[in-house]
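As structure tokens, the structure follows; a few thoughts come after it.
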Amino acid sequence: MTYRAINFRRPAVATLILLICFLAAGCTKRTGSSVNSGSWTLENNQRAKLADYKGKVLVLDFYATWCEPCRVETPHLVQLQSKYADKGLQVVGLNVGGEDDRAQVPGFAKEFGIQYPLAFPDDDVVDQYLSDDQSIPQAFVFDRDGNLVKRLIGYSPQSGAELDDAVSAAITKPN
């Protein structure tokens with residue numbers, strides 16, 4: 001079964017906030033192959049940014065707990081993290097489900113047995129990665145040097161295989 005990416009237009013408050021952010025930012029597209037600005041807040045209130053993961057293969061996954069394709073994708077991400085953690089993979093889930101969705105994240109993590117960090121991105125991170133397409137889930141794979149090597153929008157068996165291939169190639173790529 002193929003799940004199409006859904007546009008996170010609900011809840012309405014999240015849309016309004018994102019619309020204001022996009023208008024203020026000018027809706028510019030990302031440039032360059034490496035993105036080092038922007039940060040997010042982890043569940044323990046620690047701050048993190050892309051540069052903190054240099055030396056690791058990083059998958060940034062934009063999701064919401066209410067997003068059905070995101071819920072289908074999550075077990076795949078859990079499996080990837082488990083399979084490649086000792087080889088330097090780090091998955092980070094970035095919740096873009098809106099303020100109401102934040103309270104749902106701990107239950108979501110428990111439901112899926114998520115062992116990777118779940119975080120809340122700053123507006124500039126959302127603008128940087130989702131300004132040209134707001135559909136979720138979206139996964140971004142970065143190599144050990146912080147270079148973007150793959151972007152996947154939505155989730156299906158085909159995109160799951162593409163994610164596997166991108167992670168495997170980044171893991172085995174010599175430094």
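Working only within the stretch 62-104, note down all residues that are closer than 19 Å to residue 125 by Cα, at pLDDT 95 or above and of a type in the set (Asp, Glu). Listed by number, the list holds a single entry, 101.
Within the stretch 98-133, can you find the residues that are within 12 Å of the chain's Cα centre (by Cα) and assigned to a loop (DSSP other than H, G, I, E, B)? Across the stretch 98-133, the qualifying residues are 116, 117. Among the candidates 122, 100, 143, 86, the residue that is out of contact with any strand residue (DSSP E or B) (no Cβ under 8 Å at 6 or more places or on another chain), touching a residue at least 60 places away in the same chain (Cβ under 8 Å) and of a type in the set (Asp, Glu) is uniquely 100. Looking only at residues of the stretch 146-172 that are without any contact (Cβ under 8 Å) to a residue 24 or more places away in the chain and of a type in the set (A, V, I, L, M, F, W, C), we find that the one that is surrounded by the fewest Cβ atoms within 10 Å (Cβ to Cβ) is 161.
Okay, residues lined up against (1) among the hydrophobic types (A, V, I, L, M, F, W, C); (2) over 20 Å from residue 173 (Cα atoms):
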| position | (1), (2) |
| --- | --- |
| 53 | no, no |
| 67 | yes, yes |
| 78 | yes, yes |
| 82 | no, no |
| 93 | no, yes |
| 99 | no, yes |
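The set of residues in the stretch 20-61 being assigned to a helix (DSSP H, G or I) and at pLDDT below 60 consists of 20, 21, 22, 23, 24, 25.
The values are calculated or read from the model by the stated rules, or taken from the named source; none is laboratory data. Just so it is clear, the model here is predicted, and its values are computed rather than measured. Every residue, glycine as well, gets a Cβ built from its backbone with ideal geometry; the counts of neighbours run over all protein chains shown.
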